[in-house]
Amino acid sequence: MGRKEEYIEKLNSQLKVLGDRIDGFTERVEHEALEHKIRLQREIAEFNARRLDVQIKLRQLKESTGDAWEALAAGMDKAWSDLKEAGRQIAEKFKQPR
């Protein structure tokens, strides 16, 4: 397996794990106070928009040819970093006492 395929496989795996974690929080939001619930729903919607962006970039990366994937990988790394940070912030809110 080449570097490109390994990179794509790794990101797909990490994206699924992070997405599943945030999807689990979506179910827990229903039990929150209204103001807190609205804020969490907004943050989860923003996370989902970023997740879609990562999925699009990942698809572009898969379809790239030659060394072009390495140029796309830099943008992918930034999008992935932003998505992980958004996920971390959401998870942190579920750890905070209410």
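The values are calculated or read from the model by the stated rules, or taken from the named source; none is laboratory data. Remember, predicted model here, so these are calculated numbers, not experimental data. Please note: Cβ atoms are built from the backbone with ideal geometry, for glycine as well, and neighbour counts cover all protein chains shown.
A few remarks follow.
- In the set (1) over 16 Å from Gln89 (Cβ atoms); (2) assigned to a helix (DSSP H, G or I); (3) out of contact with any Leu (no Cβ under 9 Å at 6 or more places or on another chain), the condition left unmet by Asn12 is number (3).
- Some residue of the stretch 32-45 being more than 15 Å from the chain's Cα centre (by Cα), outside any helix (DSSP H, G or I) and not β-branched (Val, Ile, Thr): yes
- Comparison of Ile56, Ile22 shows that the only residue that is surrounded by 10 or more Cβ atoms within 10 Å (Cβ to Cβ), closer than 18 Å to Lys95 by Cβ and of a type in the set (A, V, I, L, M) is Ile22.
- Taking the stretch 63-78 as the range and being out of contact with any helix residue (DSSP H, G or I) (no Cβ under 6 Å at 6 or more places or on another chain), closer than 11 Å to Lys4 by Cα and part of a helix (DSSP H, G or I) as the test, the residues that pass are Glu63, Ala68, Glu70, Ala73.
- Restricting the first member to the stretch 51-69 and to residues that are at negative phi and of a type in the set (S, T, N, Q), and the second to residues that are assigned to a helix (DSSP H, G or I) and buried (at least 16 other Cβ atoms within 10 Å of the Cβ), the beta-carbon pairs closer than 8 Å and six or more apart or on different chains are Gln55/Leu15; Gln60/Leu72; Ser64/Lys4; Ser64/Leu72.
- Matching residues, the stretch 25-53, being surrounded by fewer than 13 Cβ atoms within 10 Å (Cβ to Cβ) and basic (Lys, Arg): Arg28, Arg42
- Condition check for Arg39: of a type outside the set (A, V, I, L, M, F, W, C) and either modelled with pLDDT under 90 or touching a His at 6+ places or on another chain (Cβ under 7 Å) (or both): yes
- Considering residues of the stretch 71-95 that are under 18 Å from Glu9 (Cβ atoms) and free of Cβ contacts under 8 Å to residues at least 60 places away in the same chain only, the residue farthest from the chain's Cα centre (by Cα): Leu72
- One residue from Lys95, Lys84 being at pLDDT below 90 and of a type outside the set (A, V, I, L, M, F, W, C): Lys95
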